[in-house]
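Asker: Below is one structure. I have some questions about it.
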Amino acid sequence: MFNVCQSGRPMTFPQLLQQRVAAALTGLGHTLPEGFTAAVDPAADPRFGDYQTNAAMVLAKALKTNPRALATELAGAIDITGLSATPTVAGPGFINFAITAEALQTRLDSLLADEKLGIAPTENPRTIVIDFSAPNVAKQMHVGHIRSTIIGDCLARIARFVGHRVITDNHIGDWGTQFGMVLYGWKRDLNEAALLSDPIRELLRIYKAVNAESKAQEDELKAGDRPDTPVRDACRAELVKLQAGDPENLAIWRRCVDLSLSGLAVVYNKLDIAFDHYLGESFYNDRLPSLVAELEASGLARESNGALCIFMDDSPDAAPFIIRKRDGGYGYATTDLATVEHRLRVWQATDVWYVVGAPQAYHFQQLFDATRRWGLQGRFQHIAFGSILGPDGAMMKTRSGESVGLMEVLEEAEERALAVVEEKNPDLTGDEKAEIARAVGIGAVKYTELSQHRLTDYKFSWDRMLALQGNTAPYLQYSYVRTRSIFRKLDGTEPALAGPYLITEDQERWLALTLSRFAEVVPAVLEDFRPNLLATYLFTLAQAFHSFFEACPVLRAEGQVRATRLALCEATSRVLKTGLGLMGIRTTERM
RNA sequence: GGCUCCAUAGUUCAACGGAUAGAACGGGGGUUUCCUAAACUUCAAAUCUGGGUUCGAUUCCCGGUGGAGCCA
């Protein structure tokens, strides 16, 4: 009945409708303008119908005819057999479609038979390296890292789900200038006992102490109260020794990295996030001198004010990409070039996605420009996101230490969730409560990030980050729990799923339609890297389910009505679990 | 100084150039002998400002105002 795609799955309702609208236009003898597609979208308001097209209005403009008349003519010519009720024309020339109950019933059946829930694998599979999280060694992961980590993980899961080959790479900051300070502080006043009991905290203490001292001296220098900055100079000296391969400094550095990685593992474990690779900055050290030499020899880079620079192709007056500093050192620019080279040549990536904050936009513009002119081919994406602001509305500064630790947020999230479980469901076992608290607490934090537009800046707030009411993960998780609860109550002898189905009630209809839209939404997330589309969709689905649940008794119904409602519950259950899973959020059977 | 991003109910967020701008929280009303009330239902409440393009602008363009960021 429905046209199918390559994988044998039925096309989505908008795809089918679009096909038929296009066929009708051709049948009417209209020559379509270049680039015209008969786009079909969900209707703005359910009162108008389920889907709408404004093709007649767009086309009427190009053909200089009356849109309303064209819409009427077109509506009459569309073959909607097995798909929609007779299309209606409304407003200036919208054509509205109402999917028939039969089509929804058939769709429900195919959804339940498909482990991918209607999502066709991409026809153009790519090899995508996703660069996200990227914390710095010897520093604490704070809330500022949360967006990259959670958004990156979600995009990786979705890209895999739709059939891309995905390589996740945590580009750890393990070779930055902060090591000068850490080394200096380590040698001067490391507390071994403290290092053993809480390594990250001790490293952070050293770093902060040295940083504060160095900064104070710099301020005094500026104010003319002091002729030199001995701490800063000593730190630089330590850094130079490290980079020159000094065995003692290398050993300390190695230990710092190892300690930090084990600290990070705890956080990632709590977050349920794993990486295929942890190739930090240091991995590329050996490549940097030859890379710079190549770029210089090829003429792409040239000297300017003692530094070796790549100037932007299209705007040569703009700030250049500095690949070797005046003092001979290498910065992020050089490391990033070596990194992208590795990803393209060794991993054979076709795409590289960088999930990094919006302030880095210019850096990536430079990086992509330089990479292309170097001759490396690939699709590069800076997937930017907005900043988490402090209470004053300005960005939180790591160095001043005012930002909140990520682990602290996750632990508080679990505690708050646990308190709610204790209150709502005291009879559960301790293990169950802990499992629920984890799913709900961590889920709430992830959902907060994923449910809003990634470019939005927001002020950090505990209550916002850890909210458990309203448009939050637990609302969705609770819908899932309700579906599972119904199936626990079946006696075990009756088949849970048995068509043919019969949809009659409004709430059933709306739920079935919403379920079918999962296949429309998931691929759309990757069009503009917008996880909030999936979050919004799942929230709509949960709302549809709760309304259905209140209005349509399942277990007290009989025959075909009961079978249909069970099928709707099962489909909701699977879509919610899968959809939440794509966001890295767990579900539990009870809560 | 140059460039980039942002501005929507009291608050926090949505809205491929489409119809009467949609939610959540908070506020007001209602729903529990019935599959988990972490739920449902209902009411009030918003596009910073001035132009432009368009049949149609929260969305695109230009100028203000206000906020954030990047670069030197």
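Asker: What number of residues in the range A:420-477 are without any contact (Cβ under 8 Å) to a residue 40 or more places away in the chain and either open to solvent by 60 Å² or more (accessible area, probe 1.4 Å) or assigned to a loop (DSSP other than H, G, I, E, B) (or both)? Working first, answer last.
Answerer: Of the range A:420-477, the ones without any contact (Cβ under 8 Å) to a residue 40 or more places away in the chain are A:422-423, A:426-427, A:429-431, A:433-434, A:437, A:441, A:444, A:448, A:461, A:463-464, A:467, A:469-470, A:472.
This time we only want the ones that are either open to solvent by 60 Å² or more (accessible area, probe 1.4 Å) or assigned to a loop (DSSP other than H, G, I, E, B) (or both), so: A:422-423, A:426-427, A:429, A:431, A:461, A:463-464, A:467, A:469-470, A:472.
The number of residues fulfilling the criteria is 13.
Asker: Pairs only if they're at least six apart or on different chains, beta carbon under 6 angstrom, first in the range A:172-197 and assigned by TED's automatic domain parsing to the domain that holds residue A:250, second loosely packed, with under 12 Cβ neighbours inside 10 Å and of a type outside the set (Val, Ile, Thr); list them, first residue then second.
Answerer: Between residues of the range A:172-197 that are assigned by TED's automatic domain parsing to the domain that holds residue A:250 and residues that are loosely packed, with under 12 Cβ neighbours inside 10 Å and of a type outside the set (Val, Ile, Thr), there is no close pair.
Asker: Condition check: open to solvent by less than 30 Å² (accessible area, probe 1.4 Å) and either part of a helix (DSSP H, G or I) or of a type in the set (Asp, Glu) (or both). Does residue A:370 satisfy that? Step through it out loud before you land on a result.
Answerer: Numbers: open to solvent by less than 30 Å² (accessible area, probe 1.4 Å): yes; either part of a helix (DSSP H, G or I) or of a type in the set (Asp, Glu) (or both): yes.
Spelling it out, residue A:370 is indeed open to solvent by less than 30 Å² (accessible area, probe 1.4 Å) and either part of a helix (DSSP H, G or I) or of a type in the set (Asp, Glu) (or both).
Asker: On to the next question. Can you find even one residue in the range A:317-339 that is in contact with an Asp or Glu (Cβ under 6 Å, 6 or more places away or on another chain) and either in a strand (DSSP E or B) or within 16 Å of RNA strand B (Cβ to nearest atom) (or both)? Quick ask: steps written out before the conclusion?
Answerer: Taking the range A:317-339 as the starting set, the residues that turn out to be in contact with an Asp or Glu (Cβ under 6 Å, 6 or more places away or on another chain) are A:335.
From what's left, either in a strand (DSSP E or B) or within 16 Å of RNA strand B (Cβ to nearest atom) (or both): A:335.
There is at least one residue in the range A:317-339 that is in contact with an Asp or Glu (Cβ under 6 Å, 6 or more places away or on another chain) and either in a strand (DSSP E or B) or within 16 Å of RNA strand B (Cβ to nearest atom) (or both).
Every residue, every condition in (1) within 12 Å of RNA strand B (Cβ to nearest atom); (2) of a type in the set (Asp, Glu), yes or no:
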{"position": "A:506", "(1), (2)": "yes, yes"}
{"position": "A:535", "(1), (2)": "yes, no"}
{"position": "A:559", "(1), (2)": "no, no"}
{"position": "A:587", "(1), (2)": "yes, no"}
{"position": "A:591", "(1), (2)": "yes, no"}
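Asker: Mind checking whether some residue in the range A:20-30 is closer than 24 Å to residue A:118 by Cα, among the hydrophobic types (A, V, I, L, M, F, W, C), at pLDDT below 90 and surrounded by 13 or more Cβ atoms within 10 Å (Cβ to Cβ)?
Answerer: Among the residues of the range A:20-30, not one is closer than 24 Å to residue A:118 by Cα, among the hydrophobic types (A, V, I, L, M, F, W, C), at pLDDT below 90 and surrounded by 13 or more Cβ atoms within 10 Å (Cβ to Cβ), which makes the answer no.
Asker: Still on this structure: Step by step: first the residues of the range A:49-96, then only those that are closer than 15 Å to residue A:13 by Cβ, within 10 Å of RNA strand B (Cβ to nearest atom) and free of Cβ contacts under 8 Å to residues at least 60 places away in the same chain, then the one that is most open to solvent (accessible area, probe 1.4 Å). Which residue is that?
Answerer: A:52
Asker: Taking the range A:210-234 only, how many residues are farther than 20 Å from residue A:183 by Cα and touching a residue at least 40 places away in the same chain (Cβ under 8 Å)?
Answerer: Taking the range A:210-234 and keeping what is farther than 20 Å from residue A:183 by Cα, we get A:219-228.
Then keep just the ones that are touching a residue at least 40 places away in the same chain (Cβ under 8 Å); that gives none.
Total meeting the criteria: 0.
Asker: Okay, next question. What about residue A:477, is it in contact with a strand residue (DSSP E or B) (Cβ under 8 Å, 6 or more places away or on another chain), near RNA strand B (Cβ under 8 Å from one of its atoms), at negative phi and modelled with pLDDT of 90 or more?
Answerer: Values: in contact with a strand residue (DSSP E or B) (Cβ under 8 Å, 6 or more places away or on another chain): no; near RNA strand B (Cβ under 8 Å from one of its atoms): yes; at negative phi: yes; modelled with pLDDT of 90 or more: yes.
Here the answer is no, as residue A:477 does not meet what is asked.
Asker: Is it true that some residue in the range A:477-487 is closer than 21 Å to residue A:159 by Cα, touching a Phe, Trp or Tyr at 6+ places or on another chain (Cβ under 8 Å) and not acidic (Asp, Glu)?
Answerer: There is no residue in the range A:477-487 that is closer than 21 Å to residue A:159 by Cα, touching a Phe, Trp or Tyr at 6+ places or on another chain (Cβ under 8 Å) and not acidic (Asp, Glu).
Asker: Next question, about the same structure. Do we find a residue being in contact with a Cys (Cβ under 8 Å, 6 or more places away or on another chain), surrounded by fewer than 18 Cβ atoms within 10 Å (Cβ to Cβ) and outside any helix (DSSP H, G or I) anywhere in the range A:479-493?
Answerer: no
Asker: Looking only at the range A:344-389, filter to residues that are near RNA strand B (Cβ under 9 Å from one of its atoms) and free of Cβ contacts under 8 Å to residues at least 40 places away in the same chain; which one of those is farthest from residue A:153 (Cα to Cα)?
Answerer: My answer is A:363.
Asker: If you don't mind, another one. If you scan the range A:517-545, which residues turn out to be among the small types (Gly, Ala, Ser), open to solvent by 10 Å² or more (accessible area, probe 1.4 Å) and either closer than 14 Å to residue A:575 by Cβ or in contact (Cβ under 8 Å) with a residue 12 or more places away in the chain (or both)? It would help to see each step written out before you state the result.
Answerer: Start the filter on the range A:517-545 by keeping residues that are among the small types (Gly, Ala, Ser), which leaves A:519, A:524, A:535, A:542, A:544.
Narrowing further to those that are open to solvent by 10 Å² or more (accessible area, probe 1.4 Å): A:519, A:524.
Listed by number, the list holds a single entry, A:519.
Asker: Here's another thing I want to ask about it. Any idea which residue in the range A:235-280 is farthest from residue A:175 (Cα to Cα), counting only those that are small (Gly, Ala, Ser) and open to solvent by 30 Å² or more (accessible area, probe 1.4 Å)?
Answerer: Taking the range A:235-280 and keeping what is small (Gly, Ala, Ser), we get A:237, A:244-245, A:251, A:260, A:262-263, A:265, A:274, A:280.
Those still in the list that are open to solvent by 30 Å² or more (accessible area, probe 1.4 Å) too: A:237, A:244-245, A:251, A:262, A:265, A:274.
Working: A:237: 15, A:244: 13, A:245: 12, A:251: 13, A:262: 17, A:265: 19, A:274: 22 Å.
Residue satisfying both the conditions and the ranking: A:274.
Asker: Give me a count of the residues in the range A:326-353 that are among the acidic types (Asp, Glu) and at pLDDT below 95. Let's see the steps before the verdict.
Answerer: Of the residues in the range A:326-353, the ones among the acidic types (Asp, Glu) are A:327, A:336, A:341, A:351.
Retained after the next criterion (residues that are at pLDDT below 95): A:327.
Of the residues in the range A:326-353, 1 are among the acidic types (Asp, Glu) and at pLDDT below 95.
The values are calculated or read from the model by the stated rules, or taken from the named source; none is laboratory data. All figures in this text were calculated on a predicted structure; none of them were measured in a lab. Here Cβ is always computed from backbone atoms with ideal geometry, including for glycine, and neighbour counts include all displayed protein chains. What goes into the accessible areas is simple: the full protein's heavy atoms, side chains included, and nothing from ligands, DNA or RNA. Shrake-Rupley method; radii C 1.70, N 1.55, O 1.52, S 1.80 Å.
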